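Below is one structure, written out as structure tokens; comments come after it.
The values are calculated or read from the model by the stated rules, or taken from the named source; none is laboratory data. Values in this document were obtained by computation on a predicted structure and should not be read as measured data. Cβ atoms come from the backbone with ideal geometry, glycine included; neighbour counts cover every protein chain shown. Ligands, DNA and RNA are stripped out before the accessible areas are found, and what is left, the full protein with its side chains, is counted by its heavy atoms. Shrake-Rupley method; radii C 1.70, N 1.55, O 1.52, S 1.80 Å.
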Amino acid sequence: MTAPAARRSLPILREGTSAYLKVDPDGFRAYVRDNKQRALTPRLMSAREAVERFVADGDYLAYECNYLMRGPNELVHEIIRQEKKQLWAAGKFTYVDVALLVDAGCVSRADCGFFLSSPPIDRALREGRLEVFEYSNVIMTTRLQAGAMGIPFLPVRSFGGTDGFDHSGAKLITDPYTGDPITIVPALNPDVAIIHVHQADVYGNARVFGTGISDVESALASRKVIISAEEIIETDDIRAKPGATSIPYYAVDAVVHSPHGSYPGTCPGYYGSDPEVVFEIFRAIMTDQVQAYLDKWVRPFATFAEMLNERVGAAKLEAMTAREVAKDGYSA
Amino acid sequence: MTRAEAFSEREVAMCTVAHLVENGRTYWAAGGGTPLYSVLLGQKLYAPDAQYITEDGVVAPEPLLPFEPMMTMVASRAVHHALLWGTMNSAGLHAQLGHMDYGVLNTLQVDQHGNINSTFLGEYGGSGRRFGGPGGADTIAACCWRTILITDQERRKFVKEVDFISSPGFLDGTPGARERAGLPRDTGPWRVVTPWAMYDYEDRRLRLMARVPWVTVDEILAECEWKPLIAPEVQVIEPPTEEELHLLRTELDVRGQTTDAAGSWITWDGEKYVRA
């Protein structure tokens, strides 16, 4: 008599050896039960309050899109201003964000999908201030998807055979259904996600227009979620077109009204980027001048709005809005 | 089509890839630089029914050109009038399902089996140099049916074994190596294109199949640390046309970030092409 299928052991054929955020679906459920606001209570607050309350030193941080494209830049600036420490960043689909946060002293670990290799990163690695764990963009969003499904891992048809696999939390097992080898990757449930959206109501019902990387996955997978929104809209408007809602309120802990919150990047359909400042930040990172960038654009100001008023000016913001001519699809 | 008088080496590589683009096929372009420009060039000039997909899950857009600098994904001009707006996971899943015929990507280093390094030069974790990581290339190289790789023709970029496999080629080159690693059946590297040459694979090993008119096979081999196989008859690659360069320069890579980034300038001296 053979043992029941469930009792048969499933050998691990190969596994990565890197640290990864603890996988704990039941712990996540318990966190949700005890902490998420399932009552329709307003949660609109300033960026300062949201970051004070919901970003803690040592947190695993997921941000959506990136500093150049619908990034939650007001919240990134606030994290830098509040000098958060020892964050572990989900560095997927990123050019400058990881380098900015590392050089600002906020991030000391990063899971890598893609981020710009640059002098600040090299220096931090050399000095032992940064640890990097290897994934790919899609493996990172797959991990968030598993986290958003409340399950411990997902199988994937990529990533196997790479050296990234060996420096990650992935495992190769024999698929119990087909008998073929299959890679599984650990679910990712970040401590905190920061996500910039086009519209939200005061409860956190949020609309994203256009494409994105993993806005919904990050929102559902993360213990604490801060939404920054270009526009705060009425809940009646949300109810009029529920099909347009991307993220439901009960996943969201804080809503920040953040007009032009992706500056100097673009918020698609609303405003284009500021090309000069996009080049400025690339130059700052590639020439190891991040501190000068932060001293010019972040640290002198109490708020992001103050920076926009004093450093950018209404005329330029209006011009960025006027240049954004592709409008089809960017409304509910 | 008019023979071009002067162009950069990177432009040659993009035009060569553009000639590979076929109608009725889907192309998943990694990132937003050379791969995207190559596919768009091929689609606009030669294969209007070729479709492309980007890492942010955009299916078959009709982008408003030129792009804003760096804004080749997520941005409204780049995703304009697509058939579907998706996410990174939707792009990955569609590839995993087999909907992507070709993946187009660029890299730092490639080896005899088409493995790709975009993570680290030198011994991993040692004193070498870190690069950006695979980004979307790992999924593209794993799940598209065929992979087209763009890189520069430099000695240190064509090696026996890459320092770090960021994205999979034929792995150790043995039959079934990809499948044993859990990758989908019948997928893998198909072409490597450089400003000087094009390679295919024979028994999962890199093979020089074509060269541009202004370099010899020996010159190419001198720029390969590990020597590839050589096809019995090495073909000659068509040089860029004025039409291709006009589109590249006025609509795609307007600031020359990609096209001027590296390599020599090629000019027509009245009788032949010469490298500056």
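Assorted remarks:
- Model label zone, A:THR17; criterion: amide N under 11 Å from point 7 Å along Cα-to-beta-carbon; scope the stretch A:119-151: none
- Each of the peptides B:220-233, A:133-146, B:112-125, A:59-72 was scored by the mean count of other Cβ atoms within 10 Å over its residues; in descending order, highest first, they stand as A:133-146, A:59-72, B:112-125, B:220-233.
- Shape descriptor for the stretch B:46-196: Rg over Rh equals 0.99 (Cα atoms; Rh from the Kirkwood inverse mean 1/r).
- Descending principal axes extents, the stretch A:205-332, alpha-carbon based, whole Å: 46, 35, 26
- Spin-label model distance (nm) - A:ALA319 vs B:LEU221, 7 Å beyond Cα toward Cβ: 5.7 nm
- Taking max minus min of the alpha-carbon positions on each principal axis, chain B gives extents of 53, 44, 38 Å, largest first.
- Cα extents of the stretch B:172-276 along the three principal axes, largest first (Å): 51, 32, 22
- On a per residue basis, the convex hull of the C-alpha atoms belonging to the stretch A:115-228 measures out at 146 Å³.
- The stretch A:265-312: translational diffusion in µm²/s, Stokes-Einstein, Kirkwood Rh over Cα pairs, 10 °C, 1.306 mPa s: 136 µm²/s
- Shape of the stretch A:16-63, Cα gyration tensor, a/c cut at 1.5: oblate
- The stretch B:28-102: Rg to Rh, with Rh as the Kirkwood radius over Cα pairs: 0.93
- Comparing A:GLU78, A:GLU52, A:GLU230 in a Gaussian network model of chain A where C-alpha atoms under 10 Å apart are linked, the largest mean-square fluctuation is found at A:GLU52.
- For the residues of B:164-176, the average number of beta carbons from a partner chain within 10 Å of their own beta carbon is 3.
- Per residue solvent-accessible surface (Å²) - the stretch A:12-323, probe of 1.4 Å: 35 Å²
- Projected area, mean over directions - the stretch B:107-237, Cα convex hull, nm²: 7.8 nm²
- Mean Cα-pair separation over length for chain A, i.e. relative contact order, pairs under 8 Å, 6 or more apart, %: 21 percent
- DSSP beta bridges in chain B [antiparallel fraction, %, rounded to 5]: 50 percent
- For the stretch B:107-237, DSSP calls about 55 percent of its internal beta bridges antiparallel.
- Beta bridges per DSSP with both ends in the stretch A:12-323, % antiparallel, nearest 5: 35 percent
- Measure of compaction for chain A (Cα Rg per 2.2 N^0.38 Å): 1.03
- Fraction in percent of alpha-carbon pairs per bin - 10 Å, the stretch A:159-224: 17, 31, 26, 19, 6
- Shielding by partners for peptide A:274-280, expressed as the average number of C-beta atoms from other protein chains within 10 Å of each residue's C-beta, is 2.
- Of every Cα-Cα pair in the protein assembly as shown, the percent that sits beyond 36 Å: 35 percent
- Counting, for every residue in B:180-188, the Cβ atoms of other protein chains within 10 Å of its Cβ and taking the mean gives 6.
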